[in-house]
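The values are calculated or read from the model by the stated rules, or taken from the named source; none is laboratory data. The structure displayed is predicted, hence computed values, not measured ones. All Cβ positions, even for glycine, are placed from backbone atoms using ideal geometry, and neighbour counts span all protein chains on display.
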Amino acid sequence: MEIRQLQCFVAVAEELHFRRAAVRLAISQPALSASLANLEADLGFALFFRTTRQVSLTQAGAVFLKDVRQILRSIDAAKRHAREVAHAAVPSIRVGGVDEAIVTLVPALMAQFRAGHPGIYLQIHEVSSSGRNVQALEAHRADVVFIRESVNSDFVESRLLYRQRIMAALPVPKPAAPGSVADGWQSEMGDHDTVTPAQLARWPLIGFPRHARPLLHDLVMGSLADVETPPEVTCEVIDKSTMLQLVRQGMGVALVPEWAQTIAPDGVMFRPYGDPVLELPLYIAWRKRDYAPELGEFIDLASEICARRHSDAS
């Protein structure tokens, strides 16, 4: 069933005359008759009573006409709306990203961007996985996303914003009750400026589940690939705030991006991890075909804010 067939049906139903309907549609009468015949064959029932002198709707045709008119109005409205968006300024920007970007970057970015573009609505989509953020971008559920891996294809382009260190989150040493999980291993921690994989392997580890945090999970476990005896994984946690609370309680050590220090509770200390120290990137990505000027300004502003912050921190 094609839109043109529906238009032919409505024209004949309203004119109740094949020649006038053909003139109205600017097509030949045989072409009109063939289009209606194909439509009726597709539906499996007749839409019109036809005689040599008169054309009228069947009962099924009258019901069908009501619904088809609504369908055609909806199609016209959809085309009109899309045309307005295509030729107008961007009405909204949907922002997705990993937790670091949503917590530490997006609020300041939105405030500065809105100061120059008060008419643009900004919507945040909080998605923890970089892969799911890219899927949202490709499916047009997001316009720009902050992710952990570079993506450059015919459809999507990305730009590196910065790299940050991976930190070992450690419980601040304190007297441990005999027989507790903290007895023995916490006393080693205060003496280290950095934590190596060999040192980490001696301590209980709080990890990330691979199904939810595949990049961080693989980064942590990959760093331990050459360690003879891997650490005991006491539990796996998705949320970094929960993870840091478990560290505070002495459940183990966790590896987190450097930004997690900003949400750490008292009783947790941090040391750079790796030999050499591991780093984690943050990229901004967007669809190439939808690179409107306003979206370009948003992306450039994100780059400027990140460059300024990391220049001040160095």
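If you go through region 85-128 and keep only what is polar (S, T, N, Q), out of contact with any helix residue (DSSP H, G or I) (no Cβ under 7 Å at 6 or more places or on another chain) and at pLDDT below 90, you end up with just SER92. Given the structure, is LEU137 crowded, with 17+ Cβ neighbours inside 10 Å and under 19 Å from PHE155 (Cβ atoms)? Against the criterion (crowded, with 17+ Cβ neighbours inside 10 Å and under 19 Å from PHE155 (Cβ atoms)), LEU137 qualifies. Considering region 237-296, and only residues there that are assigned to a helix (DSSP H, G or I) and among the hydrophobic types (A, V, I, L, M, F, W, C), the residue that is nearest to ALA136 (Cα to Cα) turns out to be LEU295. The residue pairs whose first member lies in region 32-51 and is over 16 Å from GLU15 (Cα atoms), whose second member is among the hydrophobic types (A, V, I, L, M, F, W, C) and surrounded by fewer than 17 Cβ atoms within 10 Å (Cβ to Cβ), and whose beta carbons are closer than 7 Å, counting only pairs six or more residues apart or on different chains, are LEU39/MET1; GLU40/ALA46; ASP42/MET1; PHE45/ALA60. You will find that of ASP275, ASP300, ASP290, the residue that is out of contact with any Lys or Arg (no Cβ under 9 Å at 6 or more places or on another chain), modelled with pLDDT of 95 or more and loosely packed, with under 15 Cβ neighbours inside 10 Å is ASP300 and no other.
A residue that is under 29 Å from the mean Cα position of the chain (by Cα), among the acidic types (Asp, Glu) and within 21 Å of LEU105 (Cβ to Cβ) occurs somewhere in region 249-265. The residue list ILE27, ILE3 contains one member that is of a type outside the set (Phe, Trp, Tyr), surrounded by fewer than 18 Cβ atoms within 10 Å (Cβ to Cβ), touching a residue at least 60 places away in the same chain (Cβ under 8 Å) and over 30 Å from LEU122 (Cβ atoms), which is ILE3.
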